[in-house]
Amino acid sequence: MDTTVPPPLSANGEPETESVRPEHIIDTGVPGLPPIHAVFQPIIRAASGTLEGYEALSRGPLGSPMRSPATIFDVARRAGESAKVELLTLEIATRTFADLGLPGRLFLNVSPALVAQRAKDLLSVARRLRDTGLRPERIVIEFTEGDRIQDHEQMRWSVHGFRSLGFQIALDDLGEGFASLRMWKDLEPEIVKVDQHFVRGIDSDPWKRQFLRAIQDIALAAQTQLVAEGVETEAEYKVVQDLKVSFAQGYFIARPSVAPPRTSGPWVGKVARRIQLYPEIAGVGDAGTTAFQLAVRVEPATPRQTGQQVYERFVGDSSLHAVPVVESGKPLGLISRYGLIDRFARPYRRELYGQKSCLGLMNPNPLIVEHTVNLQEIGQRLSANSSGYDLADGFIITQDGYYVGVSTGQGFLRELSELQIRTARYANPLTLLPGNVPITLHIQRLLEARLDFCVCHADLDYFKPFNDLYGYQRGDEMLQLVANVLLACADPDCDLVGHIGGDDYILIFQSTDWDARARTALARFETARLALFAPEDIANSGFSSLDRRGQPQFFPLTALSLGAVEVSGGVRTTPHEISARAVEAKAQAKKEVGNTLFVDRRAWGQPHARMGTGATTEERPG
């Protein structure tokens, strides 16, 4: 197996040396253009890292200003020879690919402009591609989206011609150009390549993840495979894997080269298969709700309109609560229905204000918020109320200071209430750790990905008597302490820490050293908990409080019990069964005094209503 890797790179990311065979260089005959050649960038299957094929790219001489394909085609365009140069690049790329004996499929870029100008010539070149010895099913024609398609019927005719020759069709740079979804529908490509803008930084950008998830849903419905372009880091690659995108391409896999690797490269194979922890899963479910989602577009009034004209709008539309006054796109104030009607109801006020500018009827200092402000911040500003905002009047929403819409106070309160309900399902209000919904979803994703993981159920022993003796504030401090200890011992990139209520927590480990992490958590809690007890209770190794029947009783110091269940990739089970086994393991740990870890090591498929001593392992730290 040839494990050739790209040559060393210079500071600008280009190879320091490049050996191109003379027969792989073509002279375009265009004045000002040097000879050009093809380089190849690998495309791999994201799930396994195995090689799928290569995209052919054009290059000028190394170190030359004409190195860049953008410069090459810009010069050709100015010379009126862009179609000629593009046809030549297709021929040299295919011939070079065949001569090098590269495995997999060859992806060739074709512009809509070339289809429009030289459709018949293009198909003639395509027919000659078969003379290279490459089977048609190994060639994928990538339609780039850099130009607007003027003739959709011509494009469909060309696609039919390529398919009749046995080639497959790909749509390149989805999301970058003019008409991505229409081209997808019209051309029905076998492959769609997602523009690198939506892949770079996807591990830290929830919006990009949501976009790629949505595109993946469309692809599944259309029976299309996706290629994620621009994968430059291990973290980006993990997300692409996790979202089950078919293929990946980018510098993390390999750079374009005249001698590309014939495998995906050893670095890809070493990437640990893990489910990426998304911030929107690890944190509060809907904390990102913003003012933009509350905005209702109400046609604004202008300073030139009279009070009577605004009044007539309210009379004619009973659903209208407020009208903003806007000039040159910038909001000046807000006229509320009740404020205007109250003024007009007083003697002589309609005569006084009716024919004058509506400026005299508006509140010149309403609450104005940018569209990106979240609901919590809006609530804080309303609570501070330093400018006399009236929630009943609603508020104005802007984008970069320009009017977008208004929101009623009722709409804000309704959304805030719904947010609190959603948040209660997604995150614990005390610790803000994920709640039942994201915990269950994460376990389901791990099962679907057939990955190894471990679920730990953590519970405090003697917490209720501690809470009764020391009070709820000290009790909340104990709960926060547990959350902080568990978070400190988890890998934030792959281990989820959840709080399912009360003094019960869930840890979902993908870390292979989960056992050591769990023991470290117990050891840290052993020491940290002492700060919450009185010195005499520490000296006595316990405290006196009331039991559940209201009778005085001596209790050991509050301890932490962990019940762990290991899940092997591919096991047939459910989140509910895993949770039930973790609860049982936690119950076994609680039978022991002190901070304890109990690991259920029974094979899956065995009954789990009762714990058998022969099939489990009990462990207690130090």
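The values are calculated or read from the model by the stated rules, or taken from the named source; none is laboratory data. Computed from a prediction, not measured in an experiment: that's the story for all the values here. Here Cβ is always computed from backbone atoms with ideal geometry, including for glycine, and neighbour counts include all displayed protein chains.
Data for the structure
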item	result
Answer from V369, V310 - the residue that is touching a helix residue (DSSP H, G or I) at 6+ places or on another chain (Cβ under 6 Å), under 20 Å from I396 (Cβ atoms) and outside any helix (DSSP H, G or I)	V369
Single match in Q241, Q249 (criterion: closer than 20 Å to Q510 by Cβ, out of contact with any Phe, Trp or Tyr (no Cβ under 8 Å at 6 or more places or on another chain), buried (at least 20 other Cβ atoms within 10 Å of the Cβ) and among the polar types (S, T, N, Q))	Q241
All positions within region 64-95 that are touching a residue at least 60 places away in the same chain (Cβ under 8 Å) and touching a Lys or Arg at 6+ places or on another chain (Cβ under 8 Å)	E91
Among (1) part of a helix (DSSP H, G or I); (2) touching a residue at least 40 places away in the same chain (Cβ under 8 Å); (3) not small (G, A, S), the one test that D342 misses	(2)
Identity of the residue in region 155-184, surrounded by fewer than 15 Cβ atoms within 10 Å (Cβ to Cβ) and within 25 Å of the chain's Cα centre (by Cα), that ends up modelled with the lowest pLDDT	F178
Criterion (modelled with pLDDT under 90 and not assigned by TED's automatic domain parsing to the domain that holds F143) met by exactly one of I72, I25	I25
Region 130-154, residues that are over 17 Å from F107 (Cα atoms), at pLDDT 70 or above and not acidic (D, E)	H152, Q154
Selected residue (criterion: nearest to W157 (Cα to Cα)) from residues of region 88-113 that are of a type in the set (A, V, I, L, M, F, W, C) and assigned to a helix (DSSP H, G or I)	A113
Scan of region 76-92 for residues that are of a type in the set (D, E, K, R) and within 39 Å of the chain's Cα centre (by Cα), ordered by number	R77, E86
Enumeration of residues in region 513-540 that are over 15 Å from V455 (Cβ atoms), in contact (Cβ under 8 Å) with a residue 24 or more places away in the chain and either in a strand (DSSP E or B) or not aliphatic (A, V, I, L, M) (or both)	R519, T520, R524, F525, E526, R529, F533
Residue match in region 230-237 (condition: free of Cβ contacts under 8 Å to residues at least 12 places away in the same chain and part of a helix (DSSP H, G or I))	no
Test set (1) of a type in the set (D, E, K, R); (2) modelled with pLDDT of 80 or more; (3) under 26 Å from the mean Cα position of the chain (by Cα) - E312 fails condition number	(3)
Among (1) out of contact with any Phe, Trp or Tyr (no Cβ under 7 Å at 6 or more places or on another chain); (2) closer than 28 Å to G475 by Cβ; (3) surrounded by 15 or more Cβ atoms within 10 Å (Cβ to Cβ) - the single one A531 does not satisfy	(3)
Lone qualifier among A488, A458 - being in a strand (DSSP E or B) and of a type in the set (A, V, I, L, M, F, W, C)	A458
